[in-house]
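Every number here is computed from the coordinates shown, using simple stated rules; none is lab data. Quick caveat: nothing in here was measured; it's all calculated off a predicted structure. Don't worry about glycine lacking a Cβ; one is built from the backbone with ideal geometry, like all the others, and counts go over all protein chains shown.
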Ligand SMILES: [Zn+2]
């Protein structure tokens, strides 16, 4: 099998583009999707092991671990037979997107889709608006929480200048916009480097030099900003903004855990003007299609230890051969029972966190039916 270390996984922007792009829900793309999710789930397991090994167990960490460990253990995809499209219909999710790449991918994809709907509506109402990519940076620092607080406060102050009567800024040119906070370590200094990626919708191009002055006035210590007109597809610009969600999965485990501690209670995206009020569904699964003929595919995450892990098909309901006698209600009931019957081994660190992780019975064994690609790969 292919040997691909984690750092060579696709960059975050590509992950989101693959997840949401044209034809991404086609049945032929399901194996890619399962691989993407399996890699994410595998990283979450590594994160869990790291967290479990830190200091004395406490109840907050036990809760974090319980959620993380149970996330993505199964996935139910609905395969629509007429359009040959596939939607994620069921999963157990932990919603700790900073330390869980699977939740991060799903959340990023859901947000991206909702914002794109709004943007298309806004642009159809005002075709003179153009999208600009804006980056706002803040001076590096060793204390992530302090730097983030400073950046967040500065962004809020900048937002007030958009329609403020006393102060204006280049942001006043934006009819709307959305932004996210992104975090990395400076390559040489090792200091945290929080920054903001934004898309602004403006009739008149924002001026980079003027924005730099605005930003210096607001932050007191930082003036580096970038403004670019958008040349590619609009969706690429929004992928750039939403990639913050999946970038945490690329941080070293210790940095990722530190970021979780500092940022978990904060909202890491925001919107202004005519992009405000976009409702992000709490559910991380896909919107379903209105098509009568479908089968559900239950995949279970398996990890044989070492380099073999992935999602394997456990059950297909109804099977294609039984399709003529389709009775979805019966099948759905059977399916729910199958999903609930989960029986997997406790993670290696579980004993430290007893009684939260009592050892469970051995798994009954997941059969690879061969009907679909079971994603087992080397890492
Ligand atoms: Zn999760």
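Over region 113-164, how many percent of alpha carbon pairs lie in each 5 Å bin up to the one with the longest distance?
4, 14, 15, 16, 18, 15, 10, 6, 2
Using only the alpha-carbon atoms, how far is helix 101-125 inclined from the longest principal axis of the chain? Give it as 0 to 90 degrees, nearest 10.
Approximately 50 degrees, to the nearest 10.
Could you order peptides 291-302, 220-231 by the average number of other Cβ atoms within 10 Å of their residues, highest first?
Details: 291-302: 19.6, 220-231: 14.6.
Output ranking for 291-302, 220-231: 291-302, 220-231.
Once the Cα atoms of region 183-242 are picked out, what are the Rg and Dmax in Å?
Here Rg and the maximum Cα pair distance are 13.7, 39 Å.
222 nm [θ] for the chain, helices only, -39500 (n - 2.57) per DSSP H run of 4+, per residue, to 500?
Details: 10 runs with 136 residues, N = 379.
Rounded to the nearest 500, the figure is -11500 deg cm²/dmol.
For the Cα atoms of the chain, what angle does the longest principal axis make with the long axis of helix 253-263, in degrees from 0 to 90, nearest 10?
Helix 253-263 sits at roughly 60 degrees to that axis.
Please report the orientation-averaged projected area of the chain, defined via the convex hull of its C-alpha atoms, in nm².
Values: hull surface 85.2 nm².
Computing the convex hull of the Cα atoms and averaging its projections yields 21.3 nm².
Along Cα→Cβ, 7 Å out, is where each label goes; now give me the distance between the ones at residue 185 and residue 288 in nm to one decimal.
A separation of 4.5 nm, rounded to one decimal place.
Considering the convex hull of the alpha carbon atoms of region 50-180, report its projected area averaged over all viewing directions, in nm², one decimal. Walk me through the numbers on the way to the answer.
Numbers: hull surface 53.5 nm².
Dividing the Cα hull surface by four gives the mean projection, 13.4 nm².
How fast does region 77-150 diffuse by Stokes-Einstein, in µm²/s, taking the Kirkwood radius from C-alpha pairs at 4 °C and 1.567 mPa s?
Working: Rh = 16.6 Å.
Diffusion coefficient, whole number: 78 µm²/s.
Using only the alpha-carbon atoms, how far is helix 144-161 inclined from the longest principal axis of the chain? Give it as 0 to 90 degrees, nearest 10.
60 degrees
Would you please state the base-10 log of I(q)/I(0) at q = 0.12, 0.19, 0.21 1/Å for region 130-242, with intensities from the Debye formula using one equal scatterer on every alpha carbon?
Listed by q, the Debye log ratios stand at -0.40, -0.99, -1.17.
Which value results when the Cα radius of gyration for region 35-83 is divided by 2.2 N^0.38 Å?
Numbers: Rg = 15.1 Å, N = 49, 2.2 N^0.38 = 9.7 Å.
Region 35-83 yields a ratio of 1.57.
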